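What follows is a set of notes on a single structure, which appears directly below.
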Amino acid sequence: MRKVSKIRRAIFNAVTMTFVAGLSLLLLLYVGHGEATRTYQQFQVEKLAAQGQIIQKSMDTFLRGGYPVRQFVGFTTMVSPILESDHTIAAMTVFDQSGRLVSAGGDDSIPLLAKSTSMNADSSLMADLREDERYLQVVLPLRNRFEQVGSLAISMPKAVIVERIEASFLPLLIVVAASAVGFGLFVGIGAPLLTGKRRRWLQYTYALTFLGASALVIATLISLYSEGAQIKTKALADSLGQRLTSIVQFGLNITEIQGLDQVLGDYQRLNPDISAAGLTVDRIVTIHTDEAAVGKPWTSDGGNYEYIVNLTRPGGRDIRIAVAMPADIVFRQVLRSVKNFAALFVASAFVAGVFLQLAGSVRRVRADDDSAADPLAPTPDAEEADLKLVKPVFFIAVVAEHLTYAFLPQFMYRVTESSGLPEGSASALFVTYYLFFALSLVPAGHFAQHFSPRPLMYVGMSFAALGLGLLSVYPDFYVVLGARALSGIGQGMLFIGVQSYILATAAENRRTQGASIIVFGFQGGMISGMAIGSLLVTQMGPEGVFALAGGIAVFMALYTLVVVPNVSTRALVESQGGASLRVLFRDLIRAMRSFEFLRTMFLIGVPAKAVMTGVIIFALPVLMTKAQYVQEDIGQVLMVYAGAVVLASGYASRSVDRTGRTDQALFFGSIVSGAGLVLIGVTGWAPLANQASNTNLLTVLLIAGVAIVGIAHGFINAPVVTHVANSELSAITGESAATAAYRFLERLGHVAGPIIVGQLFLFGGQDPMVIAWIGGGVAVLGVLFLIKPTPTQVSYER
């Protein structure tokens, strides 16, 4: 019987860990696939634009003579060499202003597609990128001296890109599946041997599995990006060569043609990725974008992708056109992917850690009493297993909510604008969640005390799922308002349900361990959600992420209903003397009569929460979007804040416990928080922000400012609770009552933050300098906190 139990346990562990590793690796592959598709497509789009420019230039010259677009002759002859040399192009077509076909090379059945999105702002090409289910289309305007009179469209089948990407990623899918199964088998077979200190090999093996898969994905991206860059270089050289071919073929002395240096210069200006372009005659550089290279032999640079077009006519001099593009364009794209994978690794590590513990707990619930040593459940304590069963509930709930935070404020501004309402109304949508979260806490706590916390968890999850799902189907202002209210109520119910479950389940010597579930769930879930959501939104769109988050919440509601056991809180209520709403309100009234409590609340606690929700979560994504940061960068900067809070909290807690000087920690946190906000605000200071060369400096200042605010809040979040617990109010009402009153009232900051920032944006504009002024105000409040006037003695009795 014992042998059968061991085999069953090994199979369960192997299947569970295969699922966990497979989910993380598939997410990695999905993100990598999206990165590859987006970047490889951009290379192809820029190639199409480069090839279309030669035709555009010739036609514009004709049109500026006052002739109508329909009288342009020789279009088919002009585009034939391009179509013959690049079989990925389906058609090059000319349309008039009414969208009627004028001339065509290739498939003339492809229409002028509807305008959708502009080309990447990094490209100085005046073109539109349009698409439908089958084709990508780059559209270049055709102008006379006064207006646009037509359009040149270069079309490429999407299948060209899809087939190339899938050919590269299909082998990776097989490797990822094998890696997940291998990790599962390692856990299932080796679990009995990996006890004690050797248990860390589980984490090491998981990290190696993820990093190994990441290395393969990165290698694939390097191959694809290199190919894309070389294709673009070839296209640029070919289009430039096309412009000069006629001069050479007519036997003219190309060195005597005026203005060729300007042609090369203009070409480099229109295509900023070109590092050099030159014309060589008999191997000597005659014209070059770098004047110092003229008169010297053309020298190849190993750091560039180069493509040389031979223009030599039979019996003529050796004439070539060369175009070079720096290879570090690939490095920059790969570096961006590495950054995204690093963020994903951190998020996956949190998720894997939760499910590693969950696997052991579920197995513990099902296991017989003859269980052997198992690193997934290192202690035979059923109570600990029950705590671990509920850990994923809160963690995944926070993940689901924060999947949307990298783009939620921008989404709300768009909804407000499309509904024809004032811009300031967007903050109302944001505040609604925090307001209803706070309002749900008291009735949820009352329910948990008199019934059971489990219904609060699965009903709360269901409400949160419904709120997220509504955002994905009908983004009307009032629907969004109701959806955020539902999500706030659901998350509030869930929070109280998990907290009550922990208090009812954990013994006295495990209360701190139980409380860590809340801390880990919020901080880890915030980091994971923001990292994953910011990567998925570029591929799934906001509606897709909302739907995914809602689906995750539904799954966890079912998990809670099926897996989490029902517990009674009767003993807990009896131990607390029948705590009720009346007791809570009595404690709140006592707290509001304490001068020290109010000082701490309104000078430290509330401002810190207001900064978190109003500046970090609400304002920062809006400002970064306005500054043209991509979505993943926004999510990763928010991760920096959460990570800094986690790192600083541990140090601050130990320091305060050692010295007992909570007032110094709170003053330090307030002043440093103000400094960090000022640093964020400086990114909008005109002398810095208006200089294009300062882009990297502004990014460094922004990240540093966010990290400093996170560190500062780490010195506030835990020490402020200790400060309240050590106050005179606690001596009279008790530590639990005082800290509960503080936790409830500090949520005023959650609600006030977005309202204040939204109004400041309304009157001062969406300018980072608004954040600097907020930082100054926070620092002033910190200084006021140090001032301790002797208040009039009051009684805390009723």
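Structure data summary
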item	result
Verdict on residue 91 being crowded, with 22+ Cβ neighbours inside 10 Å and closer than 16 Å to residue 139 by Cβ	no
Residues satisfying the stated conditions in the range 8-46, i.e. basic (Lys, Arg) and over 26 Å from residue 353 (Cα atoms)	38
Residues located in the range 223-242, provided they are over 30 Å from residue 167 (Cα atoms) and either of a type in the set (Gly, Ala, Ser) or surrounded by fewer than 17 Cβ atoms within 10 Å (Cβ to Cβ) (or both)	241
The range 254-301: number of residues that are loosely packed, with under 11 Cβ neighbours inside 10 Å and in contact with a helix residue (DSSP H, G or I) (Cβ under 9 Å, 6 or more places away or on another chain)	2
Subset of the range 777-790 [open to solvent by less than 30 Å² (accessible area, probe 1.4 Å) and not β-branched (Val, Ile, Thr)]	779, 782, 785
Within the range 314-333, tally of residues that are of a type in the set (D, E, K, R) and open to solvent by less than 90 Å² (accessible area, probe 1.4 Å)	3
Given (1) closer than 23 Å to residue 750 by Cβ; (2) open to solvent by less than 30 Å² (accessible area, probe 1.4 Å); (3) of a type in the set (S, T, N, Q), number of the condition residue 722 does not satisfy	(2)
Cross-chain or 6+ apart pairs with Cβ under 7 Å, the range 255-275 first and in contact (Cβ under 8 Å) with a residue 60 or more places away in the chain, then among the hydrophobic types (A, V, I, L, M, F, W, C)	270/125; 271/50; 271/236; 273/325; 273/329
Filter result (open to solvent by 30 Å² or more (accessible area, probe 1.4 Å) and touching an Asp or Glu at 6+ places or on another chain (Cβ under 9 Å)) within the range 43-86	68, 70, 81, 85
Verdict on residue 517 being modelled with pLDDT of 85 or more, part of a helix (DSSP H, G or I) and β-branched (Val, Ile, Thr)	no
Subset of the range 733-767 that is closer than 15 Å to residue 594 by Cα and free of Cβ contacts under 8 Å to residues at least 12 places away in the same chain - its residue that is surrounded by the most Cβ atoms within 10 Å (Cβ to Cβ)	735
Qualifying positions in the range 625-643 - within 16 Å of residue 683 (Cβ to Cβ) and among the aliphatic types (A, V, I, L, M)	627, 634, 637, 638, 640
Scope the range 270-306; condition in a strand (DSSP E or B) and under 21 Å from residue 333 (Cα atoms); matching residues	276, 304, 305, 306
Given (1) of a type outside the set (A, V, I, L, M); (2) under 21 Å from residue 232 (Cβ atoms); (3) in contact with a Lys or Arg (Cβ under 8 Å, 6 or more places away or on another chain); (4) open to solvent by 70 Å² or more (accessible area, probe 1.4 Å), number of the condition residue 40 does not satisfy	(4)
Residue tally, condition surrounded by fewer than 19 Cβ atoms within 10 Å (Cβ to Cβ) and either over 25 Å from residue 761 (Cβ atoms) or touching a strand residue (DSSP E or B) at 6+ places or on another chain (Cβ under 8 Å) (or both), over the range 693-715	2
Cβ-Cβ under 8 Å pairs, at least 6 apart or on other chains, the range 549-569 side within 18 Å of residue 464 (Cβ to Cβ), far side open to solvent by less than 40 Å² (accessible area, probe 1.4 Å) and hydroxyl-bearing (Ser, Thr, Tyr)	549/404; 550/472; 564/501
Residue among 181, 217, 162, 176 that alone is open to solvent by 60 Å² or more (accessible area, probe 1.4 Å), at pLDDT 85 or above and under 26 Å from the mean Cα position of the chain (by Cα)	162
Verdict on residue 675 being in contact (Cβ under 8 Å) with a residue 24 or more places away in the chain and either crowded, with 23+ Cβ neighbours inside 10 Å or under 24 Å from residue 533 (Cα atoms) (or both)	no
Helices (runs of 4 or more DSSP H) (entirely within the range 700-767) containing at least 2 residues that are at pLDDT 85 or above	747-764
Matching residues in the range 276-301 - criterion: being touching a residue at least 24 places away in the same chain (Cβ under 8 Å) and small (Gly, Ala, Ser)	276, 277, 278
Selected residue (only one of 649, 653, 670 is over 29 Å from residue 339 (Cα atoms) and crowded, with 21+ Cβ neighbours inside 10 Å)	670
The range 95-107, residues that are within 41 Å of the chain's Cα centre (by Cα) and open to solvent by 60 Å² or more (accessible area, probe 1.4 Å)	97, 98
Residue within the range 388-410 that is out of contact with any strand residue (DSSP E or B) (no Cβ under 7 Å at 6 or more places or on another chain), open to solvent by 10 Å² or more (accessible area, probe 1.4 Å) and farther than 29 Å from residue 562 by Cα present	yes
Residue pairs meeting the criteria (Cβ under 6 Å; at least 6 apart or on separate chains; first among the polar types (S, T, N, Q), in the range 695-707; second modelled with pLDDT of 90 or more and outside any helix (DSSP H, G or I))	none
Residue count for the range 678-692, restricted to those that are open to solvent by less than 30 Å² (accessible area, probe 1.4 Å) and part of a loop (DSSP other than H, G, I, E, B)	2
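Listed here are the residues, each with its yes/no results for (1) free of Cβ contacts under 8 Å to residues at least 40 places away in the same chain; (2) open to solvent by 10 Å² or more (accessible area, probe 1.4 Å); (3) among the hydroxyl-bearing types (Ser, Thr, Tyr).
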position: 434; (1), (2), (3): no, yes, yes
position: 438; (1), (2), (3): no, yes, no
position: 446; (1), (2), (3): no, yes, no
position: 458; (1), (2), (3): no, yes, yes
position: 468; (1), (2), (3): no, no, no
position: 472; (1), (2), (3): no, yes, yes
position: 482; (1), (2), (3): yes, yes, no
position: 501; (1), (2), (3): no, no, yes
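Here is a yes/no grid of residues against (1) touching a Ser or Thr at 6+ places or on another chain (Cβ under 6 Å); (2) β-branched (Val, Ile, Thr); (3) closer than 16 Å to residue 619 by Cα:
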site	(1), (2), (3)
706	no, yes, yes
730	no, no, no
736	no, no, no
773	no, no, yes
779	no, no, no
783	no, yes, no
786	no, no, no
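The values are calculated or read from the model by the stated rules, or taken from the named source; none is laboratory data. Just so we're clear, the structure is a prediction, and the values are computed from it rather than from any experiment. Virtual Cβ from ideal backbone geometry, glycine too; neighbours counted across all protein chains shown. Surface areas here come from the heavy atoms of the whole protein model, side chains and all, with no ligands, DNA or RNA. Shrake-Rupley method; radii C 1.70, N 1.55, O 1.52, S 1.80 Å.
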